[in-house]
Amino acid sequence: MRLLITNDDGIYSPGIRTLARIARRFGEVCVVAPDVERSSTGHAITSNRPLRFHRTEFEGLMGYRVDGTPADCVALGMHRWEGIDVVLSGINMGPNIGNALWHSGTLAGAKQGVLFGARGIALSTPVTGDEPDWERLEPFVEQVLELLLPDETLSLVNVNFPSAPRGLCWAKQSVRHYDGKVIPGSDPMGRSHYWFTVEPIEAVDEGSDRWAVERGYVAMTPLRLDLTDHGELRLAKERHPLAGSLPAS
Ligand code: MN
C-alpha cells in the first residue's frame, strides 16, 4: 500500500512525524507537506504563482516541503508519485470537529486525495498542554489505521482523537452549533482590530464527533464530497419545473 502523508501544521510539526512513524508499518510512505503552518486555509489552492518544493530529511523517509497549501501538497505529491492508495493528513494539533471541517486544511489534504482518485483520512487531536501526549495516542492511531486502511468502501474519513482515548466509535459531523466568534480589540496604538477565534461549545449533538470526543472516544466520521441536498433538489424541481432540468431520479 502506498501512502502519501501531509498536514496543515507544516512539515516540522511533531504531529506529522508521529503519523509518518506509525503509517510506515502499513506500507510505503512519502511525506509532502507545507513548509510553514497553513492551518485554517481550507481547500485553497495556489493558482497565481508556481509551486516549489525542497527535499527534507524526514526520519529516513522521502520528505518534501512545499511553499503551498495542503491541497497543493497532495496535488503535487500525487503528480510525482503514481499509485497512491491513501492520503493521510495530520495529525493536526487541534481538533477538527463540527463546522471546523469547513475551514480545516487538514481535512482538505484528505479531500484533495479523494479528488485525485485515492482515499483520504484526516486525523486531529486537541492540544491541552505544550504538546499532545503522542505515546498515549500511538496505539489508538495504529488501531484506526488497521481498521480504515483495508476498508476500500470508505473513501473519506475524518478522525478525532481525544487527549486520553478509551476506545473508538463512529460519529456524525456536529453541524448544529458553530464555534467561530469575532472578538473586537485594540492594538498598542489604540487602533481597533478583530480576532476571528473559537469559543468552546457547551451543548453537543448526541452521536456527533464533538459528543464522542468529549466522552473520551476516538470519533470516526465518514464524509462525502457531494454537497448537493438531494431532497431539496427533488422538491425544487417539483415546485419550479424548468425546461433544461433532468427529470428527478
Ligand atoms: Mn492545523
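Values in this text are rule-based calculations from the coordinates and carry no lab data. These numbers were taken from a predicted model, which means no experiment stands behind them. A quick note on method: Cβ atoms are made from the backbone with ideal geometry, for glycine too, and the neighbour counts reach across all protein chains shown.
How far, in nm, would the chain grow between Asn48 and Tyr194 when pulled straight, counting 0.36 nm per residue and subtracting the alpha carbon separation?
Using 0.36 nm per residue and subtracting the Cα-Cα distance, I get 49.8 nm.
So between Thr128 and Glu206, what do we pick up on full extension, going 0.36 nm a residue minus the alpha carbon distance?
25.7 nm
What's log10 of I(q)/I(0) for the chain at q = 0.12 Å⁻¹, Debye sum over Cα points only, no solvent?
Per q value, in the given order, log10 I(q)/I(0) is -0.72.
Hey, which lysines would be in cross-link range of Lys111, C-alpha to C-alpha under 27 Å, not counting anything within fewer than 8 residues on its own chain?
Lys172, Lys181
Within the chain, what percent of beta bridges assigned by DSSP are antiparallel, to the nearest 5?
If I count the DSSP bridges inside the chain, around 35 percent turn out antiparallel.
What relative contact order, as a whole-number percentage, does the chain give when Cα pairs under 8 Å and 6 or more residues apart are counted?
This gives 17 percent for the chain.
Report for segment 146-249 the percent antiparallel among DSSP-assigned beta bridges with both residues inside it, nearest 5.
Counting DSSP beta bridges with both partners in segment 146-249, the antiparallel share is about 70 percent.
When only DSSP loop residues count, what trypsin sites (Lys or Arg not before Pro) in segment 45-110 have their Cβ near at most 12 other Cβ atoms within 10 Å?
When the trypsin sites (Lys or Arg not before Pro) of segment 45-110 are filtered for loop state and at most 12 Cβ neighbours within 10 Å, Arg52 remain.
When a footprinting reagent is the concern and you count Cβ atoms within 10 Å, what order do Ile121, Ile45, Ile11 take, fewest first?
Listing Ile121, Ile45, Ile11 from fewest to most nearby Cβ atoms yields Ile45, Ile11, Ile121.
Starting at the first residue of segment 86-96, write each ³J(HN,Hα) from the Karplus equation 6.51 cos²θ - 1.76 cosθ + 1.60 with θ = phi - 60°, in whole Hz, x for Gly and Pro.
3J(HN,Hα) across segment 86-96, in whole Hz: 9, 9, 9, 10, x, 6, 5, 8, x, x, 10.
With an 8 Å Cα cut-off and a minimum separation of 6 or more residues, compute the relative contact order for segment 1-141 in percent.
Normalised by residue count, the contact order of segment 1-141 is 29 percent.
Among the complete DSSP H segments of the chain, which ones combine at least 30 Å of alpha-carbon extent along their axis with a mean Kyte-Doolittle hydropathy of 1.0 or more?
Working: long enough: none.
What comes out of the filter, once short or polar helices are dropped, is none.
Counting other Cβ atoms within 10 Å, which GluC sites (Glu not before Pro) in segment 117-203 have at most 11 and lie in a DSSP loop?
Glu152, Glu202
FRET efficiency for Ile183 and Ala243, Cβ-Cβ distance as r, R0 = 35 Å, nearest 0.05?
0.10
Can you list residues whose amide H is under 5 Å from Asp205's amide H, if they're 5+ apart or on another chain and H is modeled 1.01 Å from N?
Trp211
If each DSSP helix of 4+ residues adds -39,500 (n - 2.57) and the sum is divided by the residues in the chain, what number results at 222 nm, nearest 500 deg cm²/dmol?
Estimated from H runs of four or more residues: -7500 deg cm²/dmol.
In terms of modelled amide H atoms, which long-range or inter-chain residues lie less than 5 Å from the amide H of Gly10?
Result for Gly10 returns Arg38.
Report, by chain and number, residues whose modeled amide H sits under 5 Å from the one on Gly94, excluding near sequence neighbours (fewer than 5 apart, same chain).
Thr125, Val127
Would you please give the FRET efficiency between Val36 and Arg176, computed as 1/(1 + (r/R0)^6) with r the Cβ-Cβ distance and R0 = 22 Å, to the nearest 0.05?
Step by step, r from the Cβ atoms, then E = 0.05.
Rounded to the nearest 0.05, what FRET efficiency is calculated for Leu233 and Ala164 with R0 set to 41 Å and r the Cβ-Cβ distance?
Computed FRET efficiency for Leu233 and Ala164: 0.45.
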